[in-house]
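Visitor: My questions all concern the structure below.
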Amino acid sequence: MIEKRYLKNIDWIFVAMVAALLVINLVVLKSASTNVSSDSFYYVKRQFLWICLGLVALVAVLFFDYQYFARISFLIYGFNLLLLVGVLFMPAQKGAHRWYDLGFMDFQPSELAKILMIICFACFLAKREHEMGEWKNILAAFAFMGLPMLLIFAEPDLGTSLVFVAILFAMLWVGGLPPKIMLWFILIILFVVLFIFFVLFFYTDGYQHLPEELPWFIPLKGYQLTRLIIFINPEMDPLDAGYHMIQSEIAIGSGGFWGKGYGKGSQVQGNFLPEHHTDFIFSVGGEEFGFVGSFLLLALYFGILGRAVMIAYRAKDLLGSLIVIGVAAMFGFQIFINAGMTIGIMPITGLPMPFLSYGGSSMLINMLALGLVLNVNMRSAQRLF
């Protein structure tokens, strides 16, 4: 049983904002999926079922003191690696080895890996409190997170791999990595990215013609890299790689300030915008509710992330702070990338918008992540207010 004193610590404003986001999800999904299935409520009903299952999982997480994870972190880490290695031997779907076919659903272990690695890495850093200035611990931290990240990259799933990078640096910052070393790592990453783009610009006639086989230092195929850099100039492949981004920009731009109205988005209802109930559902909101609706939605996301940071700040120990910051980094990065790709300022990586895009595995994992945040919140040293 959960002690009553713990329930008094729960940040109910945080809970209310998440509840509001889930309601918005169902409302927008109804409009986005009307012409995707013969049953206009098909995806809404399935999403509602996943929300309910997610709430059960969230409540279940609250019964375990998060400090217990420190005792079994290496078991969790090993289980995670086992899942990620095993999926590489599964039959390919859409050219990737990302899913286990469970019969009633496709299970994507890379989604679960985000939560498991947040827990494991938090335990890793908490055990080395005040010692992250030592190079042996810094290198060990990169290796600890790098192994599962490489396995996910091999599926291939570049988007989730990038989420791991965001989680890694956010948790290292809170875990005590010296700012000077953090800055050097960030500068090195930026240099490598800019160098690759510089080489490709001259190697491929200004990104216009990417060959299938790229230079040895770029571990991607031509078509994969095209999807990443298409945001620079979607018109270089308007009927294939650039089509999604062009239609998304048209949808959001046509929404104007107030939007076209609920269920009246021509790009969505006319089926011009692909994946509009999953990866590009933010574009649906932009077309139907305009700048105002998009701004309010992002403000709600910002409020949730802000409350999470407050919960991390008031956690009773470093382990709790690290878990919450890891979850906030995961959500924050996905929100930034997804919203950015819909307006053409970020590459298309296939990352869903948390709590808004349709998807059973994603919703279940997101609810588990919220359970971790509330777990730390309940057992915090002091109430938020």
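The values are calculated or read from the model by the stated rules, or taken from the named source; none is laboratory data. Everything numeric here is computed off the predicted structure, so don't read it as measured data. Methodologically, a virtual Cβ is constructed for each residue, glycine included, from the backbone with ideal geometry; neighbour enumeration extends over all protein chains shown. For the accessible areas, the whole protein counts, side chains as well, though only heavy atoms, and no ligand, DNA or RNA atoms are used. Shrake-Rupley method; radii C 1.70, N 1.55, O 1.52, S 1.80 Å.
Visitor: Taking θ as phi - 60°, what are the ³J(HN,Hα) couplings along segment 101-115 by the Karplus curve (6.51, -1.76, 1.60), each to the nearest whole Hz, with x for Gly and Pro?
Guide: 7, 9, x, 8, 6, 9, 9, 9, x, 5, 5, 5, 4, 4, 5
Visitor: Take TRP173 and SER37, extend 7 Å from each Cα along the Cα→Cβ direction, and tell me the distance between the two endpoints in nm.
Guide: In this crude label model, TRP173 to SER37 measures out at 3.9 nm.
Visitor: Tell me, what ³J(HN,Hα) does each residue in segment 125-142 have, in order and in whole Hz, if you take phi through Karplus 6.51 cos²θ - 1.76 cosθ + 1.60 with θ = phi - 60° and put x for Gly and Pro?
Guide: Rounded to whole hertz, the list is 6, 4, 5, 10, 4, 6, 10, 7, x, 8, 5, 5, 6, 5, 5, 5, 5, 5.
Visitor: Taking a threshold of 26 Å on the Cα-Cα distance, which of the pairs LYS45/LYS264; LYS127/LYS316; LYS30/LYS114; LYS8/LYS30 fall above it?
Guide: LYS30/LYS114; LYS8/LYS30
Visitor: How big is the dipole moment of segment 19-122 about its Cα centre under a simple scheme where the beta carbon of each Lys and Arg is +1, that of each Asp and Glu is -1, and everything else is neutral? Debye, nearest 20, please.
Guide: The calculation lands at about 120 debye.
Visitor: What accessible area, in Å² to the nearest ten, does a 1.4 Å probe give for PHE282?
Guide: Here the accessible area works out near 10 Å².
Visitor: On to the next question. Give, as a single signed number, the net charge of other residues whose beta carbon lies under 12 Å from the beta carbon of HIS277, with Lys and Arg counted +1 and Asp and Glu -1.
Guide: With Lys, Arg at +1 and Asp, Glu at -1, the net is 0.
Visitor: Over all distinct Cα pairs, what is the inverse of the mean 1/r for segment 258-382, reported as the Kirkwood hydrodynamic radius in Å?
Guide: Final number for the Kirkwood radius of segment 258-382 is 15.6 Å.
Visitor: Now, a different point. State, as an integer percentage, the relative contact order of segment 247-385 based on alpha-carbon contacts under 8 Å between residues 6 or more apart.
Guide: 27 percent
Visitor: At 222 nm, what helix-only mean residue ellipticity would the chain give, in deg cm²/dmol to the nearest 500, using -39500 (n - 2.57) for each DSSP H run of four or more?
Guide: Value at 222 nm, helices only, nearest 500: -21000 deg cm²/dmol.
Visitor: Under a Cβ-Cβ cut-off of 13 Å, what is the net charge of the residues other than THR342 that fall near it, where Lys and Arg count +1 and Asp and Glu count -1?
Guide: Its environment carries a net charge of -4.
Visitor: Which shape class applies to segment 1-135: rounded if a/c is under 1.5, otherwise prolate when a/b exceeds b/c and oblate if not, where a ≥ b ≥ c are the square roots of the Cα gyration tensor eigenvalues?
Guide: Oblate, because a/c is 1.5 or more while a/b does not exceed b/c.
Visitor: In nm, to one decimal, how far is the modelled label at ASN233 from the one at LEU75, with both set 7 Å along Cα→Cβ?
Guide: For ASN233 paired with LEU75, the spin-label model returns 5.6 nm.
Visitor: A follow-up question, please. Which one, ILE72, ASN338, LEU172, projects farthest toward the positive side of the charge dipole computed for the chain from Cβ point charges (K/R +1, D/E -1)?
Guide: Going by the Cα projections, it comes out as ILE72.
Visitor: Right, here's the next one. Report, please, the projected area of the chain averaged over directions, based on the convex hull of its C-alpha atoms, in nm².
Guide: 19.9 nm²
Visitor: If you don't mind, another one. Which whole-Hz ³J(HN,Hα) couplings does segment 29-45 yield from phi under the Karplus relation 6.51 cos²θ - 1.76 cosθ + 1.60, θ = phi - 60°, glycine and proline marked x?
Guide: For segment 29-45, the Karplus-derived couplings read 5, 4, 5, 5, 10, 4, 9, 8, 9, 5, 9, 5, 9, 4, 6, 5, 5 Hz, x marking Gly and Pro.
Visitor: Is the shape of segment 269-318 rounded, prolate or oblate, going by the alpha carbon gyration tensor and its root eigenvalues a ≥ b ≥ c, with a/c under 1.5 for rounded and a/b larger than b/c for prolate?
Guide: Note, shape of segment 269-318 comes out oblate.
Visitor: Then there's this: By average Cβ neighbour count within 10 Å, what is the ranking of 293-303, 308-318 from highest down?
Guide: 308-318, 293-303
Visitor: Of GLY350, LEU22, ALA92, which is farthest along the charge dipole of the chain in the positive direction, counting Lys and Arg as +1 and Asp and Glu as -1 at C-beta?
Guide: Of the candidates, LEU22 comes out farthest on the positive side.
Visitor: LYS260: which aspartates and glutamates have alpha carbons under 13 Å from its alpha carbon, excluding same-chain residues fewer than 8 sequence positions away?
Guide: Counting by Cα, and skipping residues close in sequence, LYS260 has these aspartates and glutamates nearby: GLU287, GLU288.
Visitor: Mind giving me the nanometre distance, one decimal, between the label points for LEU88 and LEU26, set 7 Å out from Cα along Cα→Cβ?
Guide: Placing both labels 7 Å beyond Cα along the Cβ direction yields 4.2 nm.
Visitor: Averaged over all directions, how much area does the convex hull of the C-alpha atoms of segment 334-385 cover when projected, in nm²?
Guide: Its Cα hull, projected and averaged over all orientations, spans 5.0 nm².
Visitor: How big is the dipole moment of segment 1-78 about its Cα centre under a simple scheme where the beta carbon of each Lys and Arg is +1, that of each Asp and Glu is -1, and everything else is neutral? Debye, nearest 20, please.
Guide: 80 debye
Visitor: Could I ask something else about it? Quick one: accessible surface of ASP237, probe radius 1.4 Å, all protein chains present, in square angstrom to the nearest 10.
Guide: ASP237 exposes around 50 Å² with every protein chain in place.
Visitor: Hey, can you rank 270-278, 28-36, 178-186 by average C-beta count inside 10 Å, highest first?
Guide: Ranking, from highest mean packing down: 28-36, 270-278, 178-186.
Visitor: What is the dipole size for the chain, taken about its Cα centre, with +1 at each Lys and Arg Cβ and -1 at each Asp and Glu Cβ, in debye to the nearest 20?
Guide: Dipole about the Cα centre, nearest 20: 1460 debye.
Visitor: Calculate, in nm to one decimal, what LEU49 and LYS180 gain on full extension: separation in residues at 0.36 nm each, minus their alpha carbon distance.
Guide: Full-extension gain reported as 42.5 nm.
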